[in-house]
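Okay, so here's the structure we're looking at.
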Amino acid sequence: MHLVTILFAAILSCRGNAASLNEQNYTISVNSCCIKTGGAIDAYWTVYGEVSDENADWIGIYKSGRCETTVGSSCPSNSDAWSYISSSGTSGQQIITAPSAIGIYRAYYFHDNGYTIKAISQSFSILSSSLCAALNLTVNPETQVSNQTVVVSWCGASTSDIDDWIAFWQIDSSPSTDHNYTPSAWAYTYGGTIPKNQYTTASGQVSIQVPSLHGTYTVYYCKTNGYICSSYITVKVVNPNICKPSASTTSTVEHIIIIVPENHSFDSIYGRYCQATTGSKPTCNIGPSCCEAAPNNVSGSFPITLTDQQNLAYDPNHSASCETCEIDNGLMDRYVTGCSCSSPSNFAIADSTSAGGYYSWASSYAIADNFFQSTAGASSENNMYFATGKFLFLDNNVVPQNRNMNGARCYTANFASYDSTTITDLLNYCGIYWTFYAEGYDQNPSSNQCYPYYYDASDDPFTYFPNLINSSERYSQNFRDYTNLHSDIRAGKLPAVSYVKGLGIHSEHPGYSTLTAGETISQNVINAINASNTYKENTVIFLLPDESGGFYDHVAPPPKRTIDNQPYGPRVPFVAVGHQIKQNYVSHVQMESSSLIKFIEWNWLNGQPGQLETRDTVVNNIGDMFDHTKTGVEIPSN
């Protein structure tokens, strides 16, 4: 495969094909759709009803975007390459040396030393020799509008292939890793989506519907109705309709703050707060009698009390393979014994002392007892569902690529970056202010100062995306130190969407932090909002651990989502705090981290949620947590 990221044009310029753009008396075409840099451009011209003007008529080669594409308009004087017509006649061939700069070009016919366009060829590629040797795809123009139709062209295909096809994939997916092409954005080379057992032409073009989602895509040429895809290009899609006509929200919720502690299951926090019999599936919603208590015994073991000291003493294994084994196809019976990572210490439940903040928030506001970790696995893997609503990598196996970011310099390998569209890309596109506030962000530690005592960029999911991160990231309003959250609240400068992450020692992460340390950060944010006349009635705070941390939970996760075929992990405690939230409420609606993306889309963006076309298209919204008498509109629960 050869990636062509800067070439976007519709090309079909083989000899004998007169361009439809040509004026009646002139035509021009080029012999190949791909020409090597410095190679020969064979331009074929015809003049009807008269003869050419030798050494006055001329052919100019211009890079795409430099000239108009309408006969009768004009081009600038400094062409990229050119030649006079060398003979008088009604037709001929002119050989012109191709420019050295790769790109998309057209050939233009001009009369009598002028610059008025008489004829225009179809566009063609000028590439390096290695790229030009392969099948080439092009799309015109560089940026496409969502839900419109685009012409995708190719040349160099094998004419012995049957039912070749062309499709859009989201940028971080590919035929080699998955078959999740965009369902509405593909076609066979002969057009349509119905196979005809038809041979492919060496060159051609086909119309395909552009995906509806704003972002960057890869367009692949795939052979013989399968997933052997021999060429691809990159296309950017914009959606002019994702933004509201004016800066407004659908509900009276004008700000949300998402606090992300770490590594606790629902049972490990609320297993003793909830009072309903294990397995009873209560349907009521008010108070602790409406959520199930954790069982008293698991595989012969009784629960350990998860005190602050116990939380510091033991960090359960929480890798994807471990959690998958412990979940045991929904039986939830291998946390204590049966897996290499099993341990009686995995069955631990906090009490009203270590989880005092959580108990208080549950009785004063709302919790959800059917909120699941988005996928089995560790923190960074699950953090991607806050950002883009899909699986990108396993566990904590990669760290952000960009080395210019703030944060601990403790990694020497496994760097990666991704180009998926995130929810914050959509917010940026619509001019909606967001910030990730990280404790210790401004410390910028040296190479031997690491997590949990220093800020770690891998705890911020948005640092994995180059479109959000650049060399000036440390000065961006989107990435700031946690202390700025409190000053922004006091100054009336709170973003519409905020994320908060404490240092590892203040994150509730087992082995590094106490529960109390994390609860203190959360309570301080809650206190700051409740003390603000500007924000106390229009701001909601969500507390959501990134994942369950390997602690036991008794409720089986739901089945895999077909949209990404990734298994859910155990339940995690989801808490909603604010004036517009129901009081002493337990929601039983099934939700996950991508549900927050769906709410952001619904509240701040235009049109239906699901605009990332990932989990946000299939998860439930979080509306069940809200008091609709205070939100101005009923927020959906689905």
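Quick note: the coordinates plus some simple rules give every number you see, no bench work behind them. Since the structure is predicted, the reported quantities are computational estimates derived from the model, not experimental observations. Neighbour counts run over all protein chains shown; Cβ positions are idealised from the backbone, glycine included.
The value obtained for the chain, namely the Cα convex hull volume divided by the number of residues, is 175 Å³ per residue.
A full extension of the chain between Gln198 and Arg490 corresponds to an added length of 98.4 nm, given 0.36 nm per residue minus the alpha carbon distance. Close amide H contacts of Tyr433 (hydrogens built in the peptide plane, cut-off under 5 Å, sequence separation of 5 or more or a different chain): Ala496. Spherically averaged projected area of the convex hull of Cα atoms, the stretch 255-625: 16.6 nm². Between Ser128 and Val51, the contour length at 0.36 nm per residue exceeds the Cα-Cα span by 24.1 nm. When the Cα convex hull of the stretch 527-623 is projected onto planes of every orientation, the mean area is 7.8 nm². In order along the stretch 360-372, the Karplus-derived 3J(HN,Hα) couplings, from 6.51 cos²θ - 1.76 cosθ + 1.60 at θ = phi - 60°, round to 5, 5, 5, 6, 9, 10, 9, 10, 10, 9, 9, 9, 10 Hz, and Gly and Pro are given as x.
At a Förster distance of 60 Å, what's the computed FRET efficiency of Gln93 paired with Asn241, Cβ-Cβ distance as r, to 0.05? About 0.80, to the nearest 0.05. Per the Kirkwood formula applied to alpha carbons, the stretch 11-128 shows a radius of gyration over Rh ratio, Rg over Rh, of 0.92. Alpha-carbon geometry of the stretch 135-238: the Rg and the Dmax are 12.4, 36 Å, given in that order.
Ordering Tyr552, Tyr568 by the number of other Cβ atoms within 10 Å of each residue's own Cβ, fewest first, gives Tyr568, Tyr552. The Cα atoms of the stretch 536-578 cover 39, 27, 15 Å along the three principal axes, with the biggest extent listed first. Against the main long axis of the alpha-carbon atoms of the chain, helix 594-604 sits at an angle near 70°.
Ordered by the count of other Cβ atoms within 10 Å of each Cβ, fewest first, Ser153, Ser487, Ser340, Ser121 give Ser340, Ser487, Ser153, Ser121. Between the C-alpha center of the stretch 339-370 and that of the stretch 473-542 there is a gap of 21 Å.
Available extension along the chain between Ser83 and Ser207 is 41.2 nm, counting 0.36 nm per residue and deducting the alpha carbon span. The mean sequence distance of close C-alpha pairs (under 8 Å, at least 6 residues apart), as a share of the length of the stretch 282-395, puts its relative contact order at 24 percent.
Label zone (Asn533, point 7 Å along Cα-to-C-beta; backbone nitrogen cut-off 20 Å) within the stretch 242-257: 254-255. Among the listed pairs Lys390/Lys630; Lys236/Lys390; Lys244/Lys630; Lys63/Lys118, a Cα-Cα separation exceeding 25 Å is found for Lys390/Lys630. Placing one equal scatterer on every Cα of the stretch 490-543 and applying the Debye formula, the log10 ratio I(q)/I(0) at q = 0.19 Å⁻¹ is -0.69.
Against the main long axis of the alpha-carbon atoms of the chain, helix 515-530 sits at an angle near 70°. Helical runs (DSSP H, four residues minimum) scored at -39500 (n - 2.57) apiece and divided by the length of the chain put the mean residue ellipticity at 222 nm at -3500 deg cm²/dmol. With the simple spin-label model, which puts each label point 7 Å out from Cα in the Cβ direction, the Ser280 to Gln608 separation comes to 4.0 nm.
Shown is the FRET efficiency for Leu394 and Asp481, computed with R0 = 25 Å from the Cβ-Cβ distance and rounded to the nearest 0.05: 0.25. Per residue, the average separation of C-alpha pairs within less than 8 Å and at least 6 apart gives the stretch 255-625 a relative contact order of 30 percent. Taking Lys and Arg as +1 and Asp and Glu as -1, the other residues whose beta-carbon sits under 15 Å from that of Val51 total -4. Using the Cβ-Cβ distance between Tyr453 and Thr305 with R0 = 30 Å, the FRET efficiency computed as 1/(1 + (r/R0)^6) comes to roughly 0.65. Using alpha-carbon pairs under 8 Å, 6+ residues apart, how would you state the relative contact order of the chain in percent? Relative contact order comes out at 15 percent. If you bin all the Cα-Cα distances of the stretch 267-389 at 5 Å, starting from zero, the percentages per bin are 2, 10, 16, 20, 22, 19, 9, 1, 0. Placing dummy labels 7 Å off each Cα toward the beta-carbon, the span from Asn296 to Gln443 is 4.5 nm. As a rough footprinting exposure proxy, the listed residues Trp602, Trp82 were ranked by other beta carbons within 10 Å of their own, and the order from fewest upward is Trp82, Trp602.
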